[in-house]
Structure formats: structure tokens, C-alpha cells
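The values are calculated or read from the model by the stated rules, or taken from the named source; none is laboratory data. Since this is a predicted model, take the numbers as computed values, not measurements. Note: ideal-geometry Cβ built from the backbone for every residue, glycine included; neighbour counts use all protein chains shown.
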Amino acid sequence: MLKIEREVKEVENNCAGQIPAEVFESAEPLILRGLVRDWPLTKLGLESFDEASNYILKFYENRPVNVALGDSETSGRVFYNEDFTGFNYESLKVGMDKLLEKIGEHKEDTAPPAMYMASTMVDQWLPGFRKENDIDVPGADPLVSIWMGNRSRIGAHYDLPDNIACSVIGRRRFTLFPPDQISNLYPGPLDFSPGGQAISVVDFHNPDYQRYPKFRSALENAQLAELEPGDAVFVPSMWWHHVESLDPFNVLINYWWRQSPHFMSTPMSTLHHALLTIRDLPPRQRLAWKEIFNHYIFESNNETNEHIPHEARGVLGTLDEDVARKLRSLVLNQLNR
């Protein structure tokens, strides 16, 4: 196990319907001890695998789910194959009931096959579940997902939305890094990854410091969150997080929401466009565009466009639905040339 000096700050005395406001404003991760300990599923998970499974299936409407099935040799690590031409698991569509049955068959094994169901929308696959098991995210309509499997390891990655991840059944370990650690984490391909997001290629259980020397610096900036059943962790937008499921049966429910207007596009589209248009320019031109981006984007403030009459600012004006529509039209026209 990696030696992480700093533990994530804890918030005590939590209630699923009354999360302190400072949690949603935090720039760093927070552990919410006992946030969902009173959920029916949390309580059943502490009693038995069968009772918890039957409770989940009470809401299930027989829609197939995406499951990653790996050999026991993977030790639950969801990753690439050796030459990065594919992944180290097989992707299957199966019933949630079949997945639970398979997990139950192997829950006493010391080296079971890896079984992992990633983000699956609760309201579509388990309608009614949230009437009995839910938290309140004020001012947001979060995307709520369920993750399920046996012991697994998910490579460090980041997500654009803010996130509250609730460890409902089983223990979880989150190793978190601030956004500025990206180069020290050695991210893999942008357009080909196990879960859609670029992941760190460093094996956290066996880091190769000779190949990835900057990973030591990442660890100096890491924070550790050890979650028991009923605990949750707030993961701020863009924080890298490596997630381990530590028990033979694990269920996590997470809540994603964005603190930006619905008409804003994902910044990832800008990164893709910059790869197409800026990255391979001559160095002097790249530096010039860096200054332009700093001026209009990263260092923009009330004075940036003060010298331009308000009615002439066009797409430099305050971003609203109309301006967003104009910008999308400009981008589409440029891409279609």
C-alpha cells in the first residue's frame, strides 16, 4: 500500500438531507462520515449479501448492464492490456441479476475473477430506488449512478462535475490529487480508455518509480480517504481520484452535478480542438496563442473588454444562451470548412 501522509478532512454528524453548505463550496475533498448509514441498502449490506442483493433486484427492470469481466490475475485492476491495443478485461452485457449471482458465487474465493459494473444510471435501471435511498444536493439536479462489483482498482482519473460518492456496501479507498498533479500522474490516451476518461498508467499497487519518477511528487501532494459502509466523500471538480473497492461485494452510489449553466459545452471539446489547431504550431506561435488564451480566458476579468462598447462586444460579451448559440455556430462553421 502506498504511504500517503495526508488524510482527507472529515465532516462529522452528517444527515443525507442536511449536508452542510460548506461541503458544496469546498475546493478540497471532504469525507462525510455516516452520510448514508441510515439507507435501507446500507443496513441490509451489513446483514447479508443475499438480503442486499434481493433488495437491489426489487427495483431492477431487467435491462442489461455493461460489465467488465477480468481474470483473477488482474487483481481487480481495470486497465489496458500489455501493448495498449485493448483492455485487460472482457466487456459484456448481462442482467444485473446475473452479475449479482456471479459475485455471490465467488465471494468466498481468495482470487476471484474481477467483476465490475461501472456507472449505471439509477433512475433508469432501478426506478423507485431513490425514494428510499437518496441525498439532497441543493440547487442541482444531479446525475445519480450505481457502481457494483467485487474487489476492483480504477486508475486515477478526473471528472468535470463535482461528485459525492457514497460507499453503500463494502469499504472503499480513494487516493486523491489536486488538478496540478496531472504531469506527475502520467495520464494515458485521451480517446481510448477503460471508462471514457484518461487514467493514470501508474500501477498504484506496484509503482515503477524508474519509469514514472515524477509519481513520487504526486504522492507528496496526495490525500487519502478510507470509507466504511455508510460513509461518503466529496470529490471536487477536476480532482484526480484512484478508487479501490476492498471487499468481496461493493456498491457505490454517486451524485454528479455541474456548477455552470446548462448551455456551456464541456471544456474537453476545447482541448480536442486545441490539439487539432495549436499543439503542433511552431513554438513562437504556440507562445503567442498562450498569451491570447491567457488574455481572453484564464486571466479574463471585468477590465478585459472594458474598452469595447457593450453593444459591439459580440461573443466577448457576457455568456448567455444567445452568445453560446453564436459561439457554437462559429465553431461548427470552422470545423465544416
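Residue check: is N133 more than 13 Å from the chain's Cα centre (by Cα) and polar (S, T, N, Q)? Considered against the rule, which asks whether it is more than 13 Å from the chain's Cα centre (by Cα) and polar (S, T, N, Q), N133 comes out as yes. Return the residue satisfying two criteria in turn: it lies in segment 104-129 and is small (G, A, S) and under 14 Å from the mean Cα position of the chain (by Cα), and of such residues it is surrounded by the fewest Cβ atoms within 10 Å (Cβ to Cβ). If we take residues in segment 104-129 being small (G, A, S) and under 14 Å from the mean Cα position of the chain (by Cα), then S119 is surrounded by the fewest Cβ atoms within 10 Å (Cβ to Cβ).
Here is a yes/no grid of residues against (1) surrounded by 20 or more Cβ atoms within 10 Å (Cβ to Cβ); (2) of a type in the set (D, E, K, R); (3) touching an Asp or Glu at 6+ places or on another chain (Cβ under 7 Å); (4) within 29 Å of F192 (Cβ to Cβ):
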site: K98; (1), (2), (3), (4): no, yes, no, yes
site: K102; (1), (2), (3), (4): no, yes, no, yes
site: K131; (1), (2), (3), (4): no, yes, no, no
site: D136; (1), (2), (3), (4): no, yes, no, no
site: P161; (1), (2), (3), (4): no, no, no, yes
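A single member of M115, M121 is touching a Lys or Arg at 6+ places or on another chain (Cβ under 9 Å) and within 20 Å of V243 (Cα to Cα), and it is M115.
Among the residues of segment 292-313, which ones are surrounded by 11 or more Cβ atoms within 10 Å (Cβ to Cβ) and of a type outside the set (A, V, I, L, M)? Correct list: F293, N294, H295, Y296, S300, T304, N305, R313. When K58 is evaluated against the numbered criteria (1) out of contact with any Leu (no Cβ under 8 Å at 6 or more places or on another chain); (2) part of a loop (DSSP other than H, G, I, E, B), which criterion, by number, is the only one it fails? Just one mismatch for K58, condition (2).
So which residues in segment 253-281 are in a loop (DSSP other than H, G, I, E, B), within 23 Å of the chain's Cα centre (by Cα) and either among the aliphatic types (A, V, I, L, M) or surrounded by 13 or more Cβ atoms within 10 Å (Cβ to Cβ) (or both), if there are any at all?
Taking segment 253-281 and keeping what is in a loop (DSSP other than H, G, I, E, B), we get 258-266, 278-281.
Narrowing the set further to residues that are within 23 Å of the chain's Cα centre (by Cα) leaves 258-266.
R258, S260, F263, M264 - these are the residues of segment 253-281 that are in a loop (DSSP other than H, G, I, E, B), within 23 Å of the chain's Cα centre (by Cα) and either among the aliphatic types (A, V, I, L, M) or surrounded by 13 or more Cβ atoms within 10 Å (Cβ to Cβ) (or both).
When segment 38-58 is limited to residues that are under 18 Å from L227 (Cβ atoms) and surrounded by fewer than 19 Cβ atoms within 10 Å (Cβ to Cβ), the one that is modelled with the lowest pLDDT turns out to be D38.
Out of the residues in segment 138-159 that are out of contact with any Pro (no Cβ under 9 Å at 6 or more places or on another chain) and assigned to a loop (DSSP other than H, G, I, E, B), state the one that is surrounded by the most Cβ atoms within 10 Å (Cβ to Cβ). Write out each step before concluding.
To start, the set of residues in segment 138-159 that are out of contact with any Pro (no Cβ under 9 Å at 6 or more places or on another chain) comprises 138-141, 144-149, 152-153, 159.
Restricting the remaining residues to those that are assigned to a loop (DSSP other than H, G, I, E, B) gives 138-141, 159.
Values: P138: 8, G139: 8, A140: 15, D141: 8, D159: 18.
For segment 138-159, the residue satisfying everything is D159.
Out of L252, L227, L287, L246, one residue alone is farther than 23 Å from C166 by Cα and of a type in the set (A, V, I, L, M). It is L287.
Evaluate the following for L327: is it surrounded by 12 or more Cβ atoms within 10 Å (Cβ to Cβ), modelled with pLDDT of 95 or more and either not polar (S, T, N, Q) or not in a helix (DSSP H, G or I) (or both)? Steps first, please.
On the way: surrounded by 12 or more Cβ atoms within 10 Å (Cβ to Cβ): yes; modelled with pLDDT of 95 or more: no; either not polar (S, T, N, Q) or not in a helix (DSSP H, G or I) (or both): yes.
Spelling it out, it is not the case that L327 is surrounded by 12 or more Cβ atoms within 10 Å (Cβ to Cβ), modelled with pLDDT of 95 or more and either not polar (S, T, N, Q) or not in a helix (DSSP H, G or I) (or both).
Only one of the listed residues (A68, A52, A114) is touching a Gly at 6+ places or on another chain (Cβ under 7 Å), farther than 13 Å from V251 by Cβ and not β-branched (V, I, T). That residue is A114.
Sub-7 Å Cβ pairs linking a first residue in segment 222-247 that is charged (D, E, K, R) and crowded, with 24+ Cβ neighbours inside 10 Å to a second residue that is in a strand (DSSP E or B) and at pLDDT 95 or above, at least 6 apart or interchain, are D231/I31; D231/L32; D231/S167, ordered by first then second residue. Those residues that are touching a residue at least 24 places away in the same chain (Cβ under 8 Å) and in a loop (DSSP other than H, G, I, E, B), I need them from segment 164-191; list them, please. Passing the criteria: G170, R171, P178, Y186, G188, P189, L190. Could you list, in sequence order, all residues of segment 59-96 that are among the small types (G, A, S) and either exposed (fewer than 15 other Cβ atoms within 10 Å of the Cβ) or under 17 Å from G195 (Cα atoms) (or both)? Listed by number, the residues that qualify are A68, G70, S72, G76, G86, S91. Annotation note: Cβ proximity below 8 Å between a residue of segment 143-163 that is of a type in the set (D, E) and a residue that is surrounded by fewer than 21 Cβ atoms within 10 Å (Cβ to Cβ) and assigned to a strand (DSSP E or B) (sequence gap 6+ or interchain) occurs for D159/W256; D162/W256; D162/W257.
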